[in-house]
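Every number here is computed from the coordinates shown, using simple stated rules; none is lab data. Keep in mind that this is a model prediction, so the values were computed, not measured. Note: ideal-geometry Cβ built from the backbone for every residue, glycine included; neighbour counts use all protein chains shown.
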Amino acid sequence: MAKSKKRTWDKQKEANDMVEMELNLIQRKRSNIDSHLQMINFLPGTELKNESQKKLIRKIHENQIIFVAGPAGVGKTYIAIKAALECLKINDNTYDKMLITKPLVEGGDQNMGFLPGDVKEKTEPWMKSYESNIKKLVGEGTANSLVAAGVIKSLAFPLIRGNTFDNAIAILDEAQNTTVGGMKLFLSRIGETSKMIVLGDIDQTDLKLKNGEKNGLEDSFERFKGVPGVAFMEFTEDDIVRSGILIHLMKRYNKKKI
């Protein structure tokens with residue numbers, strides 16, 4: 001009887017020790033994340049440039065999912081990353097990472113052919129612009145630290161199936177290059193206390209769609225109207241901040257008078 005009680009006690013102690021080790025690991029991980037989130041400070045010159053950008057920031061903070069459409073040069077990606085960093089900087093244990101992904105679709109009917117390397121090496125060319133935006137916002141040193149700590153991660157879109165985005169701000173860029181099925185795949189990754197920001201230019205899809213077929217972003221603007229917690233934002237050519245001449249170029253593409 002005494003030996004049986006001792007074995008039971010030993011097993012209970014072993015179980016308690018394992019739980020304590022797991023809790024200590026979680027605490028150390030959280031402490032490490034906290035120390036990196038405290039590093040987030042925005043550089044001078046990263047202020048918002050117009051009322052549309054301010055409106056987008058507000059909508060991102062106030063909603064769980066936001067769909068954003070607009071032409072090149074309005075700052076969609078830049079503002080989405082800035083808003084995500086702001087959410088992380090609050091550091092209230094709601095979010096502990098930013099996830100960035102985009103469909104790996106080549107643009108302008110161009111084909112680069114086979115790319116050597118592993119998944120990270122193959123997707124790196126598609127993710128360079130995000131690194132640049134993050135460095136512009138918080139500086140190269142902080143950006144590199146956040147990436148190294150796993151606070152900011154880039155994901156290969158074809159490999160997101162099976163993942164759940166918990167405690168994360170997930171950004172899907174170039175969403176006009178998702179099919180309706182691809183958009184469903186992304187949105188169905190949403191987890192507890194997560195936020196999703198979906199960006200794109202509906203008019204610049206590189207998909208070969210059939211007549212009347214919609215890309216995933218265009219479909220979402222119609223499908224999810226009226227859903228609680230979902231918001232929409234549309235920019236126009238007049239919101240372009242990248243270059244003055246780009247406003248005129250985009251208006252000509254859309255056959256608008258200057």
Q. Given the pairs 55/208; 55/225; 49/208, which span a C-alpha to C-alpha distance of over 24 angstrom in this model?
A. 55/208; 49/208
Q: Subtract the Cα-Cα distance of residue 140 and residue 211 from 0.36 nm times their separation in residues, and report this length gain in nm to one decimal.
A: 21.1 nm
Q: For each pair in 184/251; 128/210; 135/184; 54/76; 54/153, compute the distance between the two Cα atoms and list the pairs where it is over 20 Å.
A: 184/251; 128/210; 135/184; 54/153
Q. Going by a ≥ b ≥ c, the root eigenvalues of the Cα gyration tensor, does region 38-253 fall in the rounded group (a/c under 1.5), the prolate group (a/b larger than b/c) or the oblate group?
A. rounded
Q | Dipole in debye (nearest 20) - region 38-253, about Cα centre, beta carbon charges: Lys, Arg +1; Asp, Glu -1 | A | 140 debye
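Going by how many other Cβ atoms sit within 10 Å of their own, how do 248, 36 line up, fewest first?
Placing the least packed residue first, the sequence is 248, 36.
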